[in-house]
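A.B. asks: My questions all concern the structure below.
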Amino acid sequence: MTRSGRELARVLRTLATFAAIFSIIWLGLYELQNAFPYFQTGSDVIFQVKLRRERMPHLFTKPDAIGVLFFGNSKALSGFEPDLFDAAMEAAGRRTESYNLGLPGYNLFVDRLEEILAAGNIPKYIIVTVPWAPDEGSFSVFHFVRHDSQVIDELFPFRHLPRDLMLSALSALNIGDARNSYANNRNIANRMLADRGFYSVHDTWNFPSGTLPIDFHDSRDRPHQVFQRWTDTRASEFKRMLRLLEQYNLNCLMVPLPNRVGQMAPPPSINAHLAAELAPYPQIKLLGPDYILYENRYFADQAHLNPDGARLYTRYIADLVAPALH
């Protein structure tokens, strides 16, 4: 064997050894997280459990009901109550089976929708509060993966495990026992699943009562500024969504988000630019303004509705979408 051949063989053996060690470590961490899925922060528990559940078949159990999936971030997670929505729709003469698929700190939904549909969970309507993601610019050797944080989460689902174990240990100092912390997170997940994805979120550190003070103001509030949702129907994310809507005969309803009075100025009754952008696509309907404003007493913290606010918002959404469901 030539010198170059021996050098190549040595490099290949080194790479094979590295790959074997990496695989063992990866599998060990993956199995550790699977064995103890509730040694995470509460938001991560909600995030991971919800992702796993929505990818499983048989999400819908009522064959005679209209399937409805409600997407959004933590505002949706803590604002939309499927049981209340279905009861309101039943009273309006439309039998629905709805699920809250809001995720904390996460706005993307098209990739998730694709996996949900591939698992055989076919709704008739999806309701979105946040538009599909815009294109992130041209691909390059420095940024060749779109939604790279999502890819990293898929490749290394355990990447926060050391942090979560540390936080669980610190939490146990307040709760009294690490097993209690683990059980508490398990109860959070079970309660969220029983409520079909709804979970009441609030900042327990700054607002322990779970109700926002009536005179609360945030330095980021812009009470004289109207904020508008913006989207681009040329974006690849939109085109992917449109293909899914056509392939599975789905309809998309875009509804308002809840915000605080004083957080921003009252919006126009309809976003004229967005309505014009979506006009050529009958599968997508824009309903209502970009957002609605509720008083502080309906919020648990500066961003999330409390239970009273969630009931108010859910009834509003039911009244808004009822005429569009058939």
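The values are calculated or read from the model by the stated rules, or taken from the named source; none is laboratory data. A quick note: this is a predicted structure, and the numbers were derived from the prediction, not measured. Neighbour counts run over all protein chains shown; Cβ positions are idealised from the backbone, glycine included.
A.B. asks: Just for the stretch 203-229: of the residues that are of a type in the set (Gly, Ala, Ser) and at pLDDT below 90, which one is nearest to the chain's Cα centre (by Cα)?
C.D. replies: If we take residues in the stretch 203-229 being of a type in the set (Gly, Ala, Ser) and at pLDDT below 90, then Gly210 is nearest to the chain's Cα centre (by Cα).
A.B. asks: Criterion first (farther than 19 Å from Met254 by Cβ and surrounded by fewer than 24 Cβ atoms within 10 Å (Cβ to Cβ)) does Lys124 satisfy it?
C.D. replies: No, not satisfied.
A.B. asks: Consider Arg297 carefully, then state whether it is within 17 Å of Asp221 (Cβ to Cβ) and assigned to a helix (DSSP H, G or I).
C.D. replies: yes
A.B. asks: In this structure, is Ala318 assigned to a helix (DSSP H, G or I), closer than 30 Å to Leu117 by Cβ and out of contact with any Lys or Arg (no Cβ under 7 Å at 6 or more places or on another chain)?
C.D. replies: Yes; evaluated as a whole, the condition is true for this residue.
A.B. asks: Checking the conditions here, which among Leu253, Leu242, Leu257, Leu274 is in contact (Cβ under 8 Å) with a residue 40 or more places away in the chain and farther than 30 Å from Asp301 by Cβ?
C.D. replies: Leu242
A.B. asks: Could you identify the single residue in His326, His304 that is crowded, with 18+ Cβ neighbours inside 10 Å and within 19 Å of Pro82 (Cα to Cα)?
C.D. replies: Going through His326, His304 in turn, the sole match is His304.
A.B. asks: For the condition within 23 Å of the chain's Cα centre (by Cα), part of a helix (DSSP H, G or I) and either modelled with pLDDT under 85 or not charged (D, E, K, R) (or both), what is the one hit in Asn185, Asn174, Asn180?
C.D. replies: When all the criteria are applied, what remains is Asn185.
A.B. asks: Here's something else I'd like to know. For the stretch 277-294, name all the residues that are in contact with an Asp or Glu (Cβ under 8 Å, 6 or more places away or on another chain) and in contact (Cβ under 8 Å) with a residue 60 or more places away in the chain.
C.D. replies: Residues satisfying the conditions do not exist here.
A.B. asks: Tyr316 fails exactly one of the following numbered conditions: (1) closer than 21 Å to Leu242 by Cα; (2) in contact with a strand residue (DSSP E or B) (Cβ under 8 Å, 6 or more places away or on another chain); (3) surrounded by fewer than 20 Cβ atoms within 10 Å (Cβ to Cβ); (4) not aliphatic (A, V, I, L, M). What is the number of that condition?
C.D. replies: It is condition (1) that Tyr316 fails.
A.B. asks: Right, something else. Which condition breaks for His224 when tested against (1) under 25 Å from Leu113 (Cα atoms); (2) not in a helix (DSSP H, G or I)?
C.D. replies: The single condition His224 does not satisfy is (1).
A.B. asks: Here's a follow-up. Quick one: which of Ala16, Ala65, Ala20 is at pLDDT 90 or above and of a type outside the set (D, E, K, R)?
C.D. replies: Of Ala16, Ala65, Ala20, the one residue that is at pLDDT 90 or above and of a type outside the set (D, E, K, R) is Ala65.
A.B. asks: Keeping to the stretch 227-266, report how many residues are aromatic (Phe, Trp, Tyr) and either in a loop (DSSP other than H, G, I, E, B) or at positive phi (or both).
C.D. replies: Number satisfying all stated conditions: 2.
A.B. asks: Given the criteria closer than 27 Å to Lys50 by Cβ, surrounded by 13 or more Cβ atoms within 10 Å (Cβ to Cβ), out of contact with any strand residue (DSSP E or B) (no Cβ under 6 Å at 6 or more places or on another chain) and not acidic (Asp, Glu), does Gly262 qualify?
C.D. replies: So Gly262 fails the test.
A.B. asks: Condition first: surrounded by 20 or more Cβ atoms within 10 Å (Cβ to Cβ), of a type outside the set (A, V, I, L, M, F, W, C) and part of a strand (DSSP E or B). Now tell me which residues in the stretch 270-293 satisfy that.
C.D. replies: Selection gives Tyr291 alone.
A.B. asks: Would you please name the residue that is farthest from the chain's Cα centre (by Cα), looking only at residues in the stretch 58-103 that are surrounded by 24 or more Cβ atoms within 10 Å (Cβ to Cβ) and in a loop (DSSP other than H, G, I, E, B)?
C.D. replies: Glu81
A.B. asks: Then there's this: From the set of residues in the stretch 187-229 that are closer than 30 Å to Ala276 by Cβ and in contact with a Phe, Trp or Tyr (Cβ under 9 Å, 6 or more places away or on another chain), which is surrounded by the most Cβ atoms within 10 Å (Cβ to Cβ)?
C.D. replies: My answer is Arg229.
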